[in-house]
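The values are calculated or read from the model by the stated rules, or taken from the named source; none is laboratory data. Here the structure is a predicted model, which means the values were calculated and not measured. Note: ideal-geometry Cβ built from the backbone for every residue, glycine included; neighbour counts use all protein chains shown.
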Amino acid sequence: MLKPIDILNRFKLSEKLNLILLIIILIVIGINGLVLSQVLQKNAEREVASNAAMLIETMGAVRDYTSNQVNPELAPRLETEEQFLPQTVPGYSAREVFENLRKREQYSEFFYKEATLNPTNLRDKADKFESTIVEQFRQKPNLKELSGFRSFAGGDIFYVARPIPVSQQSCLRCHSTPEAAPKSQLTTYGRDNGFNWKLNEIVGAKIVSVPSSKVLADARRLQLLVIGILAVGFLIALVILNLFLRFSIIKPIMDMAQWSKQVSTGNMHAEFEHPAKDEIGILSNSVNRLK
């Protein structure tokens, strides 16, 4: 049975060198690809997280504006209007602003929801996943933010969630008991949802969802592009090295072998000439003296 060293010894010098270089190239490309994949993945995740954080901060500013400036102007009308004025609710304003943002193509796959365990408007009802997030905030009152990836049929999305506490006594006007709620609210939403809230209780979570598949796909494409450029660079270097090897080492050695054959058959007038002063040149001077 042939050993690997025996098989290797059957190769020519150029073949051995190419084999060694090919192994080195594959190892270098593999290591670089792995490191690059990790770096680009982290950068992509940071970009997605930054977008989500900016949007949730913006929605927080919309909520504050509604609470401090819009609600005081419209609140007296809640008792006189036949239908409830949702513009007085900070969560409604934030949701409407975000829906207008989603009309722009680049934000069409972004989502915002104030997921609530017991909402007045059932469109804000938390699903199973969102309820888990809210419960984590309820169990850990000092927890200010949660983030991560959530899988959907269309791909993964990155979410950032922050708690919604009942921080103002004025909130309980609409959410303590049906008897204390404005008549327009009961007319619009009924008496069954959105009540029994308590001051400082966490009742929901603001959740911004940002699509991550495109950013991660761009990162993967960049990774393949860099690896491709790296591989092409190595191949070009391999070709140049082979040309150098052929004309600087292999060809002089083959010429020397041919010259040696002529001398061995009695042609003592043949001279081996190698003008370069490198190791092959030193060898050529030595074999001429040997003749």
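Does segment 117-127 contain any residue that is without any contact (Cβ under 8 Å) to a residue 40 or more places away in the chain, more than 19 Å from Tyr92 (Cα to Cα), in the same structural domain as Asp64 (by TED's automatic domain parsing) and not small (Gly, Ala, Ser)? Taking every residue of segment 117-127 in turn, none turns out to be without any contact (Cβ under 8 Å) to a residue 40 or more places away in the chain, more than 19 Å from Tyr92 (Cα to Cα), in the same structural domain as Asp64 (by TED's automatic domain parsing) and not small (Gly, Ala, Ser). All of (1) of a type outside the set (Gly, Ala, Ser); (2) within 26 Å of Lys42 (Cβ to Cβ); (3) surrounded by 16 or more Cβ atoms within 10 Å (Cβ to Cβ) hold for Pro252 with one exception: (2). Which residue out of Trp259, Trp197 is surrounded by 15 or more Cβ atoms within 10 Å (Cβ to Cβ) and without any contact (Cβ under 8 Å) to a residue 60 or more places away in the chain? Just a single option satisfies the conditions, and that option is Trp259. Would you mind stating whether Leu238 is in contact with a helix residue (DSSP H, G or I) (Cβ under 7 Å, 6 or more places away or on another chain), assigned by TED's automatic domain parsing to the domain that holds Arg289 and closer than 25 Å to Leu26 by Cα? For Leu238, the condition - in contact with a helix residue (DSSP H, G or I) (Cβ under 7 Å, 6 or more places away or on another chain), assigned by TED's automatic domain parsing to the domain that holds Arg289 and closer than 25 Å to Leu26 by Cα - is met.
With respect to the conditions (1) more than 30 Å from Ala219 (Cα to Cα); (2) modelled with pLDDT under 90, Glu105 falls short on a single one, namely (1).
For residues in segment 126-183 being closer than 18 Å to Glu57 by Cα, of a type in the set (A, V, I, L, M) and out of contact with any Ser or Thr (no Cβ under 8 Å at 6 or more places or on another chain), which is surrounded by the fewest Cβ atoms within 10 Å (Cβ to Cβ)? Among those that are closer than 18 Å to Glu57 by Cα, of a type in the set (A, V, I, L, M) and out of contact with any Ser or Thr (no Cβ under 8 Å at 6 or more places or on another chain), it is Leu143. In segment 44-67, which residue that is free of Cβ contacts under 8 Å to residues at least 40 places away in the same chain and polar (S, T, N, Q) is surrounded by the most Cβ atoms within 10 Å (Cβ to Cβ)? My answer is Thr66. When Phe11 is tested against the conditions (1) touching a Leu at 6+ places or on another chain (Cβ under 8 Å); (2) in a helix (DSSP H, G or I); (3) at pLDDT below 80, the lone failure is (2).
For segment 274-291, a residue qualifies if it is within 17 Å of Leu13 (Cβ to Cβ) and part of a helix (DSSP H, G or I), and the qualifying residues are Glu279, Ile280, Leu283. Out of everything in segment 148-162 that is touching a residue at least 12 places away in the same chain (Cβ under 8 Å) and among the aliphatic types (A, V, I, L, M), what residue ends up being nearest to Lys206 (Cα to Cα)? In this case the residue turns out to be Ala161.
For every residue, the table says whether it meets (1) closer than 23 Å to Ala161 by Cβ; (2) touching a residue at least 12 places away in the same chain (Cβ under 8 Å); (3) outside the structural domain of Met54 (by TED's automatic domain parsing).
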| site | (1), (2), (3) |
| --- | --- |
| Leu74 | no, yes, no |
| Leu78 | no, yes, no |
| Val89 | yes, yes, no |
| Arg102 | yes, no, no |
| Glu105 | no, no, no |
| Ser108 | yes, no, no |
| Ala115 | yes, yes, no |
